[in-house]
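> Have a look at this one.
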Amino acid sequence: MVSINIVEIPARHLEKSMAFYGRVFEVELEVSEVDGQRMVFMPNDDPAAAALALTEGDDYRPSGEGIRLYITVDDLDAALARAVDAGAEITAEIEAVEGWGRFASFRDLEGTIIGLTEPEAESA
């Protein structure tokens, strides 16, 4: 079996990243320490879903290169607007994919590119 368990977004300045992502996703965040590593876990109501955390450390380097993470949100327009208001740069404007939903991406304050997705509304 192969599955995703934890996804870490690298941060050089954990408190600054915590404030940014807290604003973008409208969530309260706090710093935790796991095995000597400072981390901030995003709230998640789905026990089967992978954990998402901001992580600070010498071997964590924010980057727009490498694996691209997409986070599902209920309101793509609002989340992207909050990201821009918090200082992000849009790297991909909102696009729709028929039968799937919409997506966009932004570069956070430290240079990591994060994608956002919004599922297509279900027909009644």
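> Of the numbered conditions (1) part of a loop (DSSP other than H, G, I, E, B); (2) surrounded by fewer than 17 Cβ atoms within 10 Å (Cβ to Cβ); (3) modelled with pLDDT of 95 or more, Ala49 satisfies every one except a single condition; which is it?
The one condition Ala49 does not meet is (3).
> Only one of Asp45, Asp58, Asp85, Asp74 is over 30 Å from Val2 (Cα atoms) and charged (D, E, K, R). Can you tell me which?
Exactly one residue qualifies, and that residue is Asp85.
> For Glu65, all conditions in the list (1) in contact with a strand residue (DSSP E or B) (Cβ under 8 Å, 6 or more places away or on another chain); (2) charged (D, E, K, R); (3) over 20 Å from Glu118 (Cα atoms); (4) modelled with pLDDT under 95 hold save one; what is the number of the exception?
Evaluating Glu65 over (1) in contact with a strand residue (DSSP E or B) (Cβ under 8 Å, 6 or more places away or on another chain); (2) charged (D, E, K, R); (3) over 20 Å from Glu118 (Cα atoms); (4) modelled with pLDDT under 95 leaves (1) as the failure.
> Would you point out which residue out of Glu118, Glu110 is outside any strand (DSSP E or B), in contact with a strand residue (DSSP E or B) (Cβ under 9 Å, 6 or more places away or on another chain) and in contact (Cβ under 8 Å) with a residue 12 or more places away in the chain?
Glu110
> Identify the residue in region 1-10 that is aliphatic (A, V, I, L, M) and over 12 Å from the mean Cα position of the chain (by Cα) and, among all such residues, is farthest from Val31 (Cα to Cα).
Met1
> Go through (1) in a strand (DSSP E or B); (2) in contact with a helix residue (DSSP H, G or I) (Cβ under 7 Å, 6 or more places away or on another chain) and name the single condition Ala83 misses.
Condition not satisfied by Ala83: (1).
> Could you grab me the full set of residues in region 86-107 that are part of a loop (DSSP other than H, G, I, E, B) and touching a strand residue (DSSP E or B) at 6+ places or on another chain (Cβ under 8 Å)?
Result: Ala88, Trp100.
The values are calculated or read from the model by the stated rules, or taken from the named source; none is laboratory data. These figures come from a predicted structure and were not determined experimentally. No Cβ is skipped: glycine too gets one built from the backbone with ideal geometry, and neighbour counts run over all protein chains shown.
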